[in-house]
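A.B. asks: Dropping a structure here in structure tokens format, bear with me for questions.
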Amino acid sequence: MQYFLVLLACPSPLGAPPALHTCQGLAPCLPEEGQVNTSGPRLVLATLHPGTGSSAAMDRIFSALLLSLLLLLQVYGVCGTPPQQRGTLCRTKPTDLVFIIDSSRSVRPHEFEKVKVFMSRVIEGLDVGPNSTRVGVINYASAVKNEFSLKTYQTKAALLQAVRRIEPLSTGTMTGLAIQFAISRAFSDSEGARVRSPNFNKVAIVVTDGRPQDGVQDVAARARAAGIEIFAIGVGRVDMHTLRQIASQPQDDHVDYVESYSVIEKLTHKFQEAFCVVSDLCATGDHDCEQICISTPGAYTCACKEGFTLNGDGKTCSACSGGSGSALDLVFLIDGSKSVRPENFELVKKFINQIVDSLEVSDKQAQVGLVQYSSSVRQEFPLGQFKNKKDIKAAVKKMAYMEKGTMTGQALKYLIDSSFSIINGARPGVPKVGIVFTDGRSQDYITDAAKKAKDLGFRMFAVGVGNAVEDELREIASEPVAEHYFYTADFRTISNIGKKLQMKICIGE
């Protein structure tokens, strides 16, 4: 009886004959250093003759080997490391990509193999196909050789095999001639280039290690004018001035240098990112959703947290539902006394904007005014001056800190006499809401003004921090008092009060 031992032949480094490896147990058959996995594993059947051992024992050994191999192929789609999974955030924009590779005599054969590894790594990160990315390679020295055109290979596997077959020319360095060849032939319709369009990129990657024997400045300018984006990679003793003449702007993004071919692979990730088009706009923050972003391929939709409603703009959220029921005139009375301190005053501004975020601001819905008080009262902006949340929040951020006394009674009187007057933007018949924020005892009398505000039908909320007097907060607050006054000892926790206020200020909810 004969048995067959299955051996796994892993691809070898570029240019070398395939090496044969025996995979033991479930240990992966690892590639050699510098290897590009292009052709996948090959199965080799080796005849195994039974010795004195029993047939049943040999059957078990053979079955175990076969099972190990099948599991290995399932986990490792190719022999070696597992296939690289492209990030879910990234796909490559359709691109006509041409490599322009220097293989002059200064590039030694083993160094040229490194260039081929670099090209293969970049190709592995692309979406290759006739309707996605097409790849061509120009090999140059004293002359130019078109290794393959944009139309030649339509699969990644075929491209990688073609790269393996490229041989160096080992003569001079005619970089300008190679770029001209790219303009006149490699990027022509007849060679598979697509019509210039915003939907397609045209990219050339030039790799060189020396000073060209011809001019590059004019021909590179013509290439860029034709819509070709040029990356210039210099190695070793390359002339950096030449690279800058070749590359597109901004040059910081388009000129790269490595000290030797042995480390050129470190640029692979840079070029994979360069060809990357972000499709998950939510993950990158490239959206206008105020609260929740829901990603769809190449687009997004907005949603709101529980208790909030998406506004008519499809982006912002309101704790108050849309329509006339959410119309209100809201004025903040903010304590700017010196006891607040500048760093806490910035937290107060964030508190204000937290409330503003919950409103749908417009002429027919919420209007916001802001008054700051200390030893005197200052109107920062009246009701209706700003027609959207963005402008209101910007004005709040610009508010300067007054840093004097605490005349809360005077501020309440100003609210009654001025802030909610028609001349300052208040609308007849629209509910009025006042939010008073203070961090200490008032230096004047508040009882009469607080009572009058509530008698006039204003819905008053009182927020106290630190040394604020809770009896004064209750006196300011509307009925039921427990639902209209808030206190915290620490400025850093006022955002928690803001969350509660967001829901309570909604009239008719």
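A.B. asks: The conditions are (1) out of contact with any strand residue (DSSP E or B) (no Cβ under 8 Å at 6 or more places or on another chain); (2) closer than 19 Å to Ser104 by Cα, and Pro168 fails exactly one of them. Which is it?
C.D. replies: All conditions are met except number (1).
A.B. asks: Still on this structure, I have one more. If a residue has to be more than 33 Å from the chain's Cα centre (by Cα) and open to solvent by less than 60 Å² (accessible area, probe 1.4 Å) to count, how many in segment 144-163 make the cut?
C.D. replies: 6
A.B. asks: Quick one: how many residues across segment 200-247 are under 22 Å from Asp189 (Cβ atoms) and polar (S, T, N, Q)?
C.D. replies: Number of matching residues: 1.
A.B. asks: Here is a check on your reading of the model: is Val258 within 31 Å of the chain's Cα centre (by Cα), over 21 Å from Leu126 (Cα atoms) and surrounded by fewer than 22 Cβ atoms within 10 Å (Cβ to Cβ)?
C.D. replies: Values: within 31 Å of the chain's Cα centre (by Cα): yes; over 21 Å from Leu126 (Cα atoms): yes; surrounded by fewer than 22 Cβ atoms within 10 Å (Cβ to Cβ): yes.
So Val258 passes the test.
A.B. asks: Can you give me the number of residues within segment 342-354 that are open to solvent by less than 10 Å² (accessible area, probe 1.4 Å) and either more than 10 Å from Val396 (Cβ to Cβ) or modelled with pLDDT under 85 (or both)?
C.D. replies: The total comes to 1.
A.B. asks: Name the single residue, out of those in segment 407-424 being without any contact (Cβ under 8 Å) to a residue 40 or more places away in the chain and outside any loop (DSSP other than H, G, I, E, B), that is least open to solvent (accessible area, probe 1.4 Å).
C.D. replies: Initial filter on segment 407-424 (without any contact (Cβ under 8 Å) to a residue 40 or more places away in the chain): 407, 410, 413, 417-418, 421-423.
Checking the rest, the ones that are also outside any loop (DSSP other than H, G, I, E, B) come to 410, 413, 417-418, 422-423.
Values: Gln410: 77, Lys413: 118, Asp417: 79, Ser418: 31, Ile422: 124, Ile423: 154 Å².
My answer is Ser418.
A.B. asks: Residues in segment 208-233 that are under 16 Å from Ala274 (Cα atoms) and either more than 28 Å from the chain's Cα centre (by Cα) or not assigned by the TED database to the domain that holds Asp252 (or both): how many?
C.D. replies: Let us first name the residues in segment 208-233 that are under 16 Å from Ala274 (Cα atoms), namely 228-233.
Filter once more, so that each one left must be either more than 28 Å from the chain's Cα centre (by Cα) or not assigned by the TED database to the domain that holds Asp252 (or both): none.
Within segment 208-233, residues that are under 16 Å from Ala274 (Cα atoms) and either more than 28 Å from the chain's Cα centre (by Cα) or not assigned by the TED database to the domain that holds Asp252 (or both) number 0.
A.B. asks: Now a separate question. Considering only strands (runs of 3 or more DSSP E) fully contained in segment 196-289, which possess at least 3 residues that are aliphatic (A, V, I, L, M)? Please lay out each step first, then the result.
C.D. replies: Numbers: elements: 201-208, 229-235, 255-258, 276-278.
Answer list for segment 196-289: 201-208, 229-235.
A.B. asks: Filter segment 371-406 down to the residues that are surrounded by 22 or more Cβ atoms within 10 Å (Cβ to Cβ), under 36 Å from the mean Cα position of the chain (by Cα) and among the aliphatic types (A, V, I, L, M) and list them by number.
C.D. replies: The answer is Ile392, Val396.
A.B. asks: Go over the candidates Asp471, Asp439 one by one and state the one that is charged (D, E, K, R) and farther than 19 Å from Val348 by Cα.
C.D. replies: On the way: Asp439 fails: farther than 19 Å from Val348 by Cα.
Exactly one of Asp471, Asp439 is charged (D, E, K, R) and farther than 19 Å from Val348 by Cα, namely Asp471.
A.B. asks: Okay, next question. Return the residues of segment 432-459 that are open to solvent by less than 50 Å² (accessible area, probe 1.4 Å), in a loop (DSSP other than H, G, I, E, B) and more than 21 Å from Val340 (Cβ to Cβ); say none if nothing qualifies.
C.D. replies: If the condition is that a residue be open to solvent by less than 50 Å² (accessible area, probe 1.4 Å), in a loop (DSSP other than H, G, I, E, B) and more than 21 Å from Val340 (Cβ to Cβ), then Phe458 is the only one that fits.
The values are calculated or read from the model by the stated rules, or taken from the named source; none is laboratory data. Everything numeric in this text was worked out from a predicted model, so none of it was measured. Note that we place each Cβ from the backbone using ideal geometry, even for glycine, and neighbour counts take in every protein chain shown. With ligands, DNA and RNA removed, areas are computed over all heavy atoms of the protein, side chains included. Shrake-Rupley method; radii C 1.70, N 1.55, O 1.52, S 1.80 Å.
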